[in-house]
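Participant: Below is one structure. I have some questions about it.
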Amino acid sequence: MSQDAKIVLTNICKTYNGSRVLDIESAEIPLEGIIAIIGWSGSGKSTLLNILSLIDQPDTGDKNPRPQIPPKIEIHLPDENYLIEYRDSSGSPHIIRYGTHKVELMDERTFRRRLFGYVFQEHYLHPNLNIEHNIKTPLIIRSKTLSESNDLLKVCDGLGIGGQLGHYVNEVSGGQAQRVSILRAMLKNCPIIFGDELTSNIDYKRASQILDEFETALAREGRESRIISFVWASHDIHLIQKYARKIITIKSGKIQCHDNEDRTRDANAIMALLDDSSQTMGDASAAPGDSENSGHSAADIPSPEKISERPGDLQEPSAENTDSASVNPEPQENTCASPLNMSQKNATMGELIRYYSSYAYRDMFKGVCRPTVDFCVIFLSVTFVILFLLSILKISYASHKYLELKMSDPRINSLEVMGGERIAGELEEKHFFEIKDLLRDCVRYVTPIYYARVTMMGLTRRQLQVNACTFRKDDPTIREILGNSHAPFVTDDKNWKGLIIRKDAAARYGYGEDQNEVLIKFNYFNDQAEEMIPMIQVDTPLPFNRKMMMREEFYLGYYKKLGLEVKPELHYIIVYPENIYDTVRIKNKIEGTRIFDINEAFKVLNKIKIINEIRAQSVVFVNLSIFAIALILLSFIFVTIYRNMRKKRKEIGVFLAYGMEKGSFYIFYLLEALIVSLFTFAVSLTAYKYAIEPMINERLERGSLLDIMGKDISSMNTVIPPEALKIPFEWMACVYGGTYLLLLMLFLSLIYYFTSKKPIRLMRDL
């Protein structure tokens, strides 16, 4: 090891609550083996370690007593040197690495990841990761893992935690958790490892075993281990006396280095190094963390007088400094592999996925079917918001679509084409083919219409003349009129004798609803009234407000049969658009010929205006609702996620101290947002499909929405399949995609907020 390995401090000061804890004008800390830092509780040991490891920052600007001199830390290692300067009051250090062949700038995280391991006063294991993943975190953040998994098991067996690798933090003792955190730092295998009271929660023999491992690694030849120094703040005089080669004392904010190479100092001599009348135990100027949560009070280091009075206290560790593992048989020395020379390899994609996904899953579930409170709050909130959004969109879209489809019923959504002045208003069969050719495939159907004067014979021999209209077998109105009824005379090419009659008209002539034949006369047919004709009674309106319909072949057939040259006049040519919105375009196209006119087209235009007005009002309502719901979702979910992350702020701070990049945190919470979204989407989609959507469809059918369009329309029995009222897939994709992006944005923005802070702020207090 190079004798020049050291840390040089220049103008390092730290003030808490107006009191200066550290005031180092210039000092050196040699990096030679195990370095112990001692001082009274609250003297600044933890603060010094935090500043050395860059998880905290020294005072700059007006807070520093020497503002003209930038705080500076120099780290001299055998093969490279580092210069850390705080050039402004932002707290961000300027880091330069001087290598053998090049000079480069570094960021804080890369610097911490490359140089330091850290064992804190508390174990700071992450509750979302099991023991194995906690140990491997320093490797995983560099996409590394162990070449031999058995090596880790051997090491853990030697530390009494071999059977705990699959367990979580809440399932192990405090001593076991502390040993895991020590192993985590050792596995990082960095040049410098800092330890802040790392033996406070473990028994004396375990602590000795761990320090033996450090000592062996520091003395090892061949560079299996990269560690060159272990800088250790401790109250345990017994272990300091046995293992420390150098002792750093902190008194009144100053530090001083003392040699302990030959281990000749006894406990009293070590305590005498702290004898300073200006330093009182439990100083009010203690930095946060130096006295809080340390597990020790000022009495942890007794005064020299008390040590002299009770020499027996130095022979054995106190019972308070043990954990549950001390009652178990201790493993034989050197039976386990060293954590400092275990070989590493690149982690596979599967290992990385297991690591990140286990974190995300554990944050949402503490076991199978055991969701956390935070998950339930987020899950239920997002689910209800999605269902509310889908309901609003469904009502808006379906009501508009329902009207559109009702208005598109061919019985009312049709254009009656009649002859214009250029043809003296007389339509001929050739005109039918001209219009059919003009419109080609942009319409649903084109058909000629004849009006027939029919004499209907009542059962009481009462006679009445009725105007009937003709239809062809493939006329689109027939499907709407008949519904589920079937009549051979509608579709049969040979047998087309039959009538479709309104029930109210049939009743006027004495025909009951159960009767299916009628007696009629027209155009020389049935002059003697001897033949009954099949009929179907319907209670839906017929086209053109007629009471009766017959096949065109039935009406025209007797002209051909009698050989008459005179044929009835072609009354209209009817054009059926695909939907009501095509009507205007087709109307303009027909009138553009200047040969034909459209009869009462204004009726269709008025219906379109009504539908458009309803749609416009719906758009305003939907936009306002979406804005309000999004605002509520943002506020409520933001608070929930913030609380969730704030509870884990200490563990996040430790990840940052180990050099984890923001990208790794983003992966954690991207997966977490994905888990929440998958559960939310599955439940909300099921509830919407099987409960909300059918209910809204039923309400539309039973409601009075069509009454605003007139009784003739509201009485239509137009069959609208539920599929036609479904929200477009693009809308559903926007709702679910937007919800996921919103969740992801909240997760990532909050993790960005937390990871932008200094690790020490997260580990102590925000």
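Participant: Here are the criteria: (1) touching a helix residue (DSSP H, G or I) at 6+ places or on another chain (Cβ under 8 Å); (2) at pLDDT below 85. Tell me which single one L139 does not satisfy.
Facilitator: (2)
Participant: Also, quick follow-up: Hey, any hits in segment 634-642 for a residue that's farther than 30 Å from I55 by Cβ, free of Cβ contacts under 8 Å to residues at least 60 places away in the same chain and not hydroxyl-bearing (S, T, Y)? Before you say what the answer is, go through the steps one by one.
Facilitator: To start, the set of residues in segment 634-642 that are farther than 30 Å from I55 by Cβ comprises 634-637.
Imposing the further condition that a residue be free of Cβ contacts under 8 Å to residues at least 60 places away in the same chain reduces the set to 635.
Applying the additional criterion that residues be not hydroxyl-bearing (S, T, Y) yields none.
The answer is no; no qualifying residue exists.
Participant: Can you list the helices (runs of 4 or more DSSP H) found entirely within segment 578-667 that contain at least 1 residues being over 40 Å from the mean Cα position of the chain (by Cα) and hydroxyl-bearing (S, T, Y)? Before you say what the answer is, go through the steps one by one.
Facilitator: Working: elements: 580-591, 602-647, 649-657.
It comes to 580-591.
Participant: Could you grab me the full set of residues in segment 546-565 that are out of contact with any Gly (no Cβ under 9 Å at 6 or more places or on another chain) and touching a residue at least 12 places away in the same chain (Cβ under 8 Å)? Lay out the reasoning, then the answer.
Facilitator: Step one: filter segment 546-565 for residues out of contact with any Gly (no Cβ under 9 Å at 6 or more places or on another chain), giving 546-549, 552-553, 555-565.
Correct list: R546, K547, M548, M549, E552, E553, Y555, L556, G557, Y558, Y559, L562.
Participant: Checking the structure you have, find out if any residue of segment 536-543 is in a strand (DSSP E or B) and in contact (Cβ under 8 Å) with a residue 40 or more places away in the chain. Give the derivation first.
Facilitator: Step one: of segment 536-543, the residues in a strand (DSSP E or B) are 536-538.
This time we only want the ones that are in contact (Cβ under 8 Å) with a residue 40 or more places away in the chain, so: 536, 538.
There is at least one residue in segment 536-543 that is in a strand (DSSP E or B) and in contact (Cβ under 8 Å) with a residue 40 or more places away in the chain.
Quick grid of which residues meet (1) modelled with pLDDT under 90; (2) surrounded by 13 or more Cβ atoms within 10 Å (Cβ to Cβ); (3) more than 12 Å from K521 (Cα to Cα); (4) in contact with a Lys or Arg (Cβ under 9 Å, 6 or more places away or on another chain):
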{"position": "R453", "(1), (2), (3), (4)": "yes, no, no, no"}
{"position": "G458", "(1), (2), (3), (4)": "yes, yes, no, yes"}
{"position": "R472", "(1), (2), (3), (4)": "no, yes, yes, yes"}
{"position": "I481", "(1), (2), (3), (4)": "yes, yes, yes, yes"}
{"position": "F489", "(1), (2), (3), (4)": "no, yes, yes, yes"}
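Participant: Same structure again: I'd like the full set of residues that are closer than 30 Å to L77 by Cβ and of a type outside the set (A, V, I, L, M, F, W, C), limited to segment 134-153. Before you say what the answer is, go through the steps one by one.
Facilitator: Of the residues in segment 134-153, the ones closer than 30 Å to L77 by Cβ are 134-148, 151-152.
Once the filter is applied, which keeps residues that are closer than 30 Å to L77 by Cβ and of a type outside the set (A, V, I, L, M, F, W, C), segment 134-153 yields N134, K136, T137, P138, R142, S143, K144, T145, S147, E148, D151.
Participant: Follow-up question, since we're still on this one. Which members of segment 25-52 meet the condition of being over 25 Å from A267 (Cα atoms), buried (at least 19 other Cβ atoms within 10 Å of the Cβ) and touching a Ser or Thr at 6+ places or on another chain (Cβ under 8 Å)?
Facilitator: If the condition is that a residue be over 25 Å from A267 (Cα atoms), buried (at least 19 other Cβ atoms within 10 Å of the Cβ) and touching a Ser or Thr at 6+ places or on another chain (Cβ under 8 Å), then no residue fits.
Participant: Using the structure shown, decide if L153 is out of contact with any Leu (no Cβ under 6 Å at 6 or more places or on another chain), without any contact (Cβ under 8 Å) to a residue 40 or more places away in the chain and of a type in the set (A, V, I, L, M). I'd like the intermediate steps shown before the answer.
Facilitator: Values: out of contact with any Leu (no Cβ under 6 Å at 6 or more places or on another chain): yes; without any contact (Cβ under 8 Å) to a residue 40 or more places away in the chain: yes; of a type in the set (A, V, I, L, M): yes.
So L153 passes the test.
Participant: Which one of L239, L183, L218, L211 is under 17 Å from F120 (Cα atoms), assigned by TED's automatic domain parsing to the domain that holds I37, over 41 Å from the mean Cα position of the chain (by Cα) and part of a helix (DSSP H, G or I)? First the steps, then the outcome.
Facilitator: On the way: L239 fails: under 17 Å from F120 (Cα atoms); L183 fails: over 41 Å from the mean Cα position of the chain (by Cα); L218 fails: under 17 Å from F120 (Cα atoms).
Checking each option against the conditions leaves just L211.
Participant: Oh, and also: What number goes with the only condition from (1) at pLDDT below 90; (2) in a loop (DSSP other than H, G, I, E, B); (3) crowded, with 19+ Cβ neighbours inside 10 Å that P58 does not pass?
Facilitator: (1)
Participant: Being among the charged types (D, E, K, R), modelled with pLDDT of 85 or more, part of a helix (DSSP H, G or I) and out of contact with any Gly (no Cβ under 9 Å at 6 or more places or on another chain): is that true of K406 here? Explain how you work it out, then say what you get.
Facilitator: Values: among the charged types (D, E, K, R): yes; modelled with pLDDT of 85 or more: no; part of a helix (DSSP H, G or I): yes; out of contact with any Gly (no Cβ under 9 Å at 6 or more places or on another chain): yes.
Judged against the criteria, K406 is not a match.
Residue-wise test of (1) of a type in the set (V, I, T); (2) surrounded by fewer than 20 Cβ atoms within 10 Å (Cβ to Cβ); (3) modelled with pLDDT under 85; (4) over 23 Å from L48 (Cα atoms).
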residue	(1), (2), (3), (4)
P191	no, no, no, no
D196	no, no, no, no
K205	no, yes, yes, yes
L218	no, yes, yes, no
F230	no, no, no, no
L239	no, no, no, no
A244	no, no, no, no
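Participant: Among the residues of segment 697-706, are any surrounded by 12 or more Cβ atoms within 10 Å (Cβ to Cβ) and at pLDDT 85 or above?
Facilitator: Yes, segment 697-706 contains at least one residue that is surrounded by 12 or more Cβ atoms within 10 Å (Cβ to Cβ) and at pLDDT 85 or above.
Participant: Please verify whether segment 89-108 includes one or more residues that are in a helix (DSSP H, G or I) and surrounded by 15 or more Cβ atoms within 10 Å (Cβ to Cβ). I'd like the intermediate steps shown before the answer.
Facilitator: So in segment 89-108, the residues in a helix (DSSP H, G or I) come out as 108.
Add one more test, that the residue is surrounded by 15 or more Cβ atoms within 10 Å (Cβ to Cβ), and what stays is 108.
Looking through segment 89-108, at least one residue is in a helix (DSSP H, G or I) and surrounded by 15 or more Cβ atoms within 10 Å (Cβ to Cβ).
Participant: Name the residue, out of N81, N17, that is closer than 22 Å to G659 by Cα, out of contact with any helix residue (DSSP H, G or I) (no Cβ under 7 Å at 6 or more places or on another chain) and either acidic (D, E) or surrounded by fewer than 22 Cβ atoms within 10 Å (Cβ to Cβ) (or both).
Facilitator: On the way: N17 fails: closer than 22 Å to G659 by Cα.
Being closer than 22 Å to G659 by Cα, out of contact with any helix residue (DSSP H, G or I) (no Cβ under 7 Å at 6 or more places or on another chain) and either acidic (D, E) or surrounded by fewer than 22 Cβ atoms within 10 Å (Cβ to Cβ) (or both) holds for just one of N81, N17, which is N81.
Participant: Let me ask you something else. Look at I51 and say whether it is more than 19 Å from L762 (Cα to Cα), not assigned by TED's automatic domain parsing to the domain that holds S756 and not in a loop (DSSP other than H, G, I, E, B). Break it down into steps so the answer makes sense when it comes.
Facilitator: Values: more than 19 Å from L762 (Cα to Cα): no; not assigned by TED's automatic domain parsing to the domain that holds S756: yes; not in a loop (DSSP other than H, G, I, E, B): yes.
Answer is no for this residue.
Participant: Can I500 be described as crowded, with 18+ Cβ neighbours inside 10 Å, at pLDDT 85 or above and in a helix (DSSP H, G or I)? Working first, answer last.
Facilitator: Values: crowded, with 18+ Cβ neighbours inside 10 Å: yes; at pLDDT 85 or above: yes; in a helix (DSSP H, G or I): no.
Considered against the rule, which asks whether it is crowded, with 18+ Cβ neighbours inside 10 Å, at pLDDT 85 or above and in a helix (DSSP H, G or I), I500 comes out as no.
Participant: Take the conditions within 30 Å of D409 (Cβ to Cβ) and either touching a residue at least 24 places away in the same chain (Cβ under 8 Å) or not charged (D, E, K, R) (or both) and apply them to F729. Does it pass?
Facilitator: Against the criterion (within 30 Å of D409 (Cβ to Cβ) and either touching a residue at least 24 places away in the same chain (Cβ under 8 Å) or not charged (D, E, K, R) (or both)), F729 qualifies.
Participant: Do you know which residues across segment 143-162 are closer than 13 Å to L352 by Cα and surrounded by fewer than 18 Cβ atoms within 10 Å (Cβ to Cβ)?
Facilitator: S143, K144
Participant: Would a scan of segment 381-397 turn up a residue that is part of a helix (DSSP H, G or I), farther than 27 Å from L741 by Cβ and assigned by TED's automatic domain parsing to the domain that holds I692?
Facilitator: no
Participant: Something else: Would you check if H167 is of a type outside the set (S, T, N, Q) and either in contact (Cβ under 8 Å) with a residue 40 or more places away in the chain or in the same structural domain as K647 (by TED's automatic domain parsing) (or both)?
Facilitator: Numbers: of a type outside the set (S, T, N, Q): yes; either in contact (Cβ under 8 Å) with a residue 40 or more places away in the chain or in the same structural domain as K647 (by TED's automatic domain parsing) (or both): no.
Against the criterion (of a type outside the set (S, T, N, Q) and either in contact (Cβ under 8 Å) with a residue 40 or more places away in the chain or in the same structural domain as K647 (by TED's automatic domain parsing) (or both)), H167 does not qualify.
Participant: With the requirement that a residue be among the aromatic types (F, W, Y) and either in contact with a strand residue (DSSP E or B) (Cβ under 8 Å, 6 or more places away or on another chain) or not assigned by TED's automatic domain parsing to the domain that holds R508 (or both), what does segment 411-467 give you? Before you say what the answer is, go through the steps one by one.
Facilitator: Applying the first criterion (among the aromatic types (F, W, Y)) to segment 411-467 yields 432-433, 445, 450-451.
Matches in segment 411-467: F432, Y445, Y450, Y451.
Participant: Something else now. Working carefully through the options S19, S26, S41, S46, find the one that is at pLDDT below 90 and outside the structural domain of Q241 (by TED's automatic domain parsing).
Facilitator: On the way: S26 fails: at pLDDT below 90; S41 fails: outside the structural domain of Q241 (by TED's automatic domain parsing); S46 fails: outside the structural domain of Q241 (by TED's automatic domain parsing).
Step by step, each of S19, S26, S41, S46 is checked, and only S19 is at pLDDT below 90 and outside the structural domain of Q241 (by TED's automatic domain parsing).
The values are calculated or read from the model by the stated rules, or taken from the named source; none is laboratory data. Small disclaimer: the values here were computed from a predicted structure and weren't measured. Note: ideal-geometry Cβ built from the backbone for every residue, glycine included; neighbour counts use all protein chains shown.
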